[in-house]
1. Give the range of the longest stretch in the chain that excludes all chymotrypsin sites (Phe, Trp or Tyr not before Pro) found in loop regions by DSSP and having at most 14 other beta-carbon atoms within 10 Å.
2. Go through region 77-137 and name the trypsin sites (Lys or Arg not before Pro) that are in a DSSP coil and have 16 or fewer other Cβ atoms within 10 Å of their Cβ.
3. When a footprinting reagent is the concern and you count Cβ atoms within 10 Å, what order do S114, S68, S90 take, fewest first?
4. How big is the dipole moment of the chain about its Cα centre under a simple scheme where the beta carbon of each Lys and Arg is +1, that of each Asp and Glu is -1, and everything else is neutral? Debye, nearest 20, please.
5. Roughly how far apart, in whole Å, are the Cα centres of region 101-152 and region 1-66?
6. E113 versus E37, label points 7 Å from Cα toward the beta carbon: distance in nm?
7. Show which lysines lie in cross-link reach of K65 when reach means a straight Cα distance below 22 angstrom and same-chain residues fewer than eight apart are skipped.
8. Taking K and R as +1 and D and E as -1, what net charge do the other residues with C-beta under 13 Å from the C-beta of V53 add up to?
Amino acid sequence: MPNIHLELHINAPIDRCFDLARSIDLHKLSTGNTQEEAIAGTTSGLIGLNETVTWRAKHFWVWQKLTSKITEYERPNFFVDEMLEGAFKSIYHKHQFRQEGNITIMTDDFHFESPLGVLGSIANKLVLTKYLTQLLSERNKMIKEFAEGEKWREVL
């Protein structure tokens, strides 16, 4: 099962970073290239414990749906979202936050498992791990941009 680990230093309070990471509205803004839209469950605002969201997005020229649920939540330290339905066999995404002085360190641990056995493993190595790392990195850059300036007020 591939694991993507990302760490980002953000010059902003931990509470703001935590809330931006669970903002449905900011997620929509950060995924303009895939035209992501929240179509069921929590479709705007902040998602919380035991809440779900269903996303519709275009990946690799194909419209797909993915439903995830917040299964663990400890404000402002971490939350976990897990795929309930979608193209993958499984997705487990842990978002962690810690404050060091004026800096929030945001960490993503994203585990995913593709369907189709050996073919899925080959797709992971050739395409999916890089593609998903780029999607997560773009999202994180937007969280940093919003958190460090005044843009956060637009979505929180």
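1. 62-156
2. Sparse-neighbourhood loop trypsin sites (Lys or Arg not before Pro): K89.
3. Ranking S114, S68, S90 by Cβ neighbours within 10 Å, fewest first, gives S90, S114, S68.
4. Once rounded to the nearest 20, the dipole reads 400 debye.
5. Here the answer is 10 Å between Cα centres.
6. Placing both labels 7 Å beyond Cα along the Cβ direction yields 3.2 nm.
7. K28, K89, K94, K130
8. Surrounding charge for V53 is -2.
No value in this document is a laboratory result; all are computed from the given coordinates. Note that the structure is predicted; figures quoted are calculated from it, not measured. Because the Cβ atoms are built from the backbone with ideal geometry, glycine has one as well, and the counts that use them run over all protein chains shown.
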